[in-house]
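Coordinate-derived values only; no laboratory data. This is a predicted model, so every value here is computed, not measured. Glycine gets a Cβ as well: all are built from the backbone with ideal geometry, and neighbour counts include every protein chain shown.
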């Protein structure tokens with residue numbers, strides 16, 4: 001990656017769009033110091049990530065990945081309670097928070113709290129993944145193709161619900177995807193990456209009007225997708 | 001003398017020898033677990049040492065057991081005639097399966113799970129204790145199971161250096177050219193191996209997280 005300058009304002013949902021290998025995940029992982037920059041600096045809440053204690057920084061940033069990465073030996077409740085437990089919250093406070101979050105992500109019916117991840121569907125697992133990221137009420141959320149592995153129907157459902165949730169929670173969100181539909185649906189700003197550089201950015205309303213060839217490439221696949229049958233997705 | 005009558009007339013001796021055998025195996029396996037598991041955890045964090053450590057353990061495993069017992073006799077402190085030498089040799093044999101399974105179990109964890117653990121703000125220690133170890137437990141236990149079964153077998157040879165155990169009957173039987181006496185050592189040893197294998201397999205299944 002080179003020559004990147006990007007400012008994400010509080011409350012924005014910035015979608016990093018690009019092909020595989022364009023550097024979008026790398027950029028995301030720089031934010032919570034899963035990677036460190038070889039040159040340049042990344043500031044989170046006004047402080048360079050290398051100045052932050054990495055553990056403290058990460059506990060203050062929600063993180064959702066493809067396939068959710070839930071702990072198979074933890075129940076749903078224990079998964080969601082991860083960061084609060086690490087932060088040594090009192091048990092009643094954790095329990096109340098878990099209930100609240102299950103409600104928030106639409107898993108309040110039944111006894112989801114006591115189930116294990118393997119007993120859930122892909123969509124339910126991803127909901128738990130979102131709940132886990134929100135557990136300690138972080139101001140920032142990082143999401144790396146969170147809905148990428150879901151079937152198209154479930155994906156559309158979660159995208160819609162998450163869009164509504166994001167608006168309501170007013171978090172600062174950085175969201176990685178290669179799916180233009182998803183970007184248009186969720187973003188307040190789309191940032192397009194190609195070969196480790198930012199090549200275009202803009203609000204979803206006028207993003208597609210841009211002349212950059214990579215924008216055109218993404219736009220054209222939107223056209224063909226609309227005319228042909230809309231397919232599940234490249235990364236299943 | 002037929003085998004049945006030998007078993008009946010020597011049942012007390014067979015029983016106490018079996019206990020002696022179990023004791024030998026238990027001590028060796030406990031020590032091997034205490035050495036190999038932390039070592040396995042260590043080489044996960046120091047990949048540079050992995051090849052060396054697993055290599056040395058593999059070489060140990062290739063030494064013929066009777067030869068190993070022989071080599072140990074002249075060595076001071078850990079060697080000599082008797083139980084202690086036998087335990088040292090048995091530990092050497094039990095190391096590899098436990099070490100290898102510990103390593104494989106700890107490294108064979110879904111990358112997304114480890115990524116999430118680190119990205120949510122777990123320290124490397126927390127990732128090890130709360131994520132890697134619990135998820136590797138059934139694989140580590142499978143290694144302990146293999147080690148135990150091997151040790152039960154190899155421990156019969158320990159009688160050659162005066163460590164006692166069921167091998168006493170086997171060596172005596174060979175010297176006397178008596179099947180009955182050989183079987184008095186071999187059958188309990190085989191039963192012990194089956195029992196240990198079954199019990200540990202049961203435990204392993206209960207610990208498995210799919």
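A few points about this structure:
- Counting only Cα atoms, the size of the stretch B:63-169 along its three principal axes is 57, 27, 19 Å, in decreasing order.
- Relative contact order (%) - chain A, alpha-carbon pairs under 8 angstrom, separation at least six: 31 percent
- 25 °C / 0.890 mPa s Stokes-Einstein diffusion coefficient of the protein assembly as shown, Kirkwood radius on C-alpha pairs, µm²/s: 95 µm²/s
- Computed Rg/Rh of chain B, alpha carbon atoms with Kirkwood Rh: 1.08
- Nearest-ten-degree value, helix A:152-169 long axis tilted from longest Cα axis of chain A: 80 degrees
- Between the stretch A:71-99 and the stretch A:154-177, the alpha-carbon center distance in angstrom: 22 Å
- Across q = 0.21, 0.22, 0.26 Å⁻¹, the stretch A:74-138 modelled as identical point scatterers on its alpha-carbon atoms has Debye log10 I(q)/I(0) values of -0.74, -0.81, -1.13, in the order of the q list.
- Expected 222 nm ellipticity per residue - DSSP helices of 4 or more, -39500 (n - 2.57), all of chain B, to 500: -26000 deg cm²/dmol
- Under conditions of 4 °C and 1.567 mPa s, the stretch B:2-64 yields 87 µm² s⁻¹ as its translational diffusion coefficient, taking Rh as the Kirkwood radius over Cα pairs in the Stokes-Einstein equation.
- Scoring A:21-31, A:208-218 by mean Cβ neighbours within 10 Å over their residues and listing the highest first yields A:21-31, A:208-218.
- Rounded tilt (10° steps) of B:167-176 against the dominant C-alpha axis of chain B: 30 degrees
- Within the stretch A:133-207, DSSP assigns beta bridges of which about 50% are antiparallel (rounded to the nearest 5).
- Calculated Rg and Dmax of chain A using C-alpha coordinates, Å: 18.0, 55
- Rounded to the nearest 500, the 222 nm mean residue ellipticity of chain A from helices alone is -11500 deg cm²/dmol, with -39,500 (n - 2.57) taken per DSSP H run of at least 4 residues.
- Whole-Å distance, taken between Cα centres, linking the stretch B:68-125 and the stretch A:1-16: 47 Å
- Shielding of peptide B:121-127 by partners, expressed as the average count of other chain Cβ atoms within 10 Å per residue Cβ, is 4.
- With Cα atoms, 0 to 90° folded angle of helix A:91-104 axis to chain A main axis: 40 degrees
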